[in-house]
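Novice: Structure below; questions to follow.
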Amino acid sequence: MRTIRVTGKGNLKVKPDTTRLMITLNGVYPEYAETINKSTAETEALRELLVEVGFKSSAMKTLSFDVDTEFENYRDENNDYKRRFIGYKFTHTLKVDFPSDNELLGKTLFTLSRSNLAPEFRISYTVADPEAVKNELIGKAVEDAMKKAEVLAKAARLTLGSIQTVDYSWGEINMEVRPMDDMLMSPCAGPCEMDIEPDDIDMSDTVTVVWEIT
């Protein structure tokens, strides 16, 4: 059986409809138990602040949590470099996704800036239904493969038969744009006025299809 193998490429531009606020809390304390307790207390304080703004308590999700030993370098009496243990450091990264709203974003940042948590944060934009976007992208890739196969078959005076295989990698597709790098939360004198219009998300993906030819 003779076959023809064609790779189609799908391209798609999608307007982000969801704001993602990623917040990182961290701290160093002498004792492990104290570090865990402080982390729990700060996380709960952050949750309460978000509820105050208008989010549900379940809106905040943990992305990563880590506790590690912390050391510092110093010079001893002989002026030699040494390391000494200073405690345990926790790093808790969380995210809050919500329909894009600059007013709500500004209100949220203002509330966080007035707290004593001093978190690091990053603002990015994504889509609420990534699966629907991915399915559309795959569809475009298959359509492109079919068009290419038809052109090749016509040029070679062949006839496309039934599809034998469809090969798709199911790789991860980046559906996020980040107009702002990681930032430290600084106190705002008044409500933070945000005027951010994120760029469209450019995506591409490929699908390889094998047809029987006669």
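The values are calculated or read from the model by the stated rules, or taken from the named source; none is laboratory data. Values in this document were obtained by computation on a predicted structure and should not be read as measured data. All Cβ positions, glycine included, derive from the backbone under ideal geometry; neighbour counts span all protein chains shown. Areas reflect the complete protein model, heavy atoms only, side chains present, ligands, DNA and RNA absent. Shrake-Rupley method; radii C 1.70, N 1.55, O 1.52, S 1.80 Å.
Novice: So, in the stretch 168-183, exactly how many residues are at pLDDT 80 or above and open to solvent by less than 70 Å² (accessible area, probe 1.4 Å)?
Specialist: Counting residues in the stretch 168-183 that are at pLDDT 80 or above and open to solvent by less than 70 Å² (accessible area, probe 1.4 Å) gives 5.
Novice: Can you tell me which of (1) open to solvent by less than 80 Å² (accessible area, probe 1.4 Å); (2) touching a strand residue (DSSP E or B) at 6+ places or on another chain (Cβ under 8 Å) is the one V53 doesn't meet?
Specialist: The single condition V53 does not satisfy is (2).
Novice: Of all residues in the stretch 58-116, which are of a type in the set (K, R) and at pLDDT 95 or above?
Specialist: K61, K89, K95
Novice: Based on this model, can you work out whether N37 counts as open to solvent by 70 Å² or more (accessible area, probe 1.4 Å) and within 30 Å of D144 (Cα to Cα)?
Specialist: So N37 does not fit the description; no.
Novice: Could you run through the stretch 104-133 and say how many residues are touching a residue at least 40 places away in the same chain (Cβ under 8 Å) and outside any strand (DSSP E or B)?
Specialist: 19
Novice: Every residue in the stretch 71-92 that is surrounded by 10 or more Cβ atoms within 10 Å (Cβ to Cβ) and without any contact (Cβ under 8 Å) to a residue 24 or more places away in the chain, please.
Specialist: Within the stretch 71-92, F71, E72, Y74, K82, F85 meet the criteria.
Novice: Within the stretch 184-213, track down each residue that is open to solvent by 90 Å² or more (accessible area, probe 1.4 Å) and at pLDDT below 90.
Specialist: L184, P187, A189, P191, E193, D195, E197, D199
Novice: Same structure again: Only one residue in V96, V67 is assigned to a strand (DSSP E or B) and within 23 Å of D199 (Cα to Cα), so which one is that?
Specialist: Sole residue among the options that is assigned to a strand (DSSP E or B) and within 23 Å of D199 (Cα to Cα): V96.
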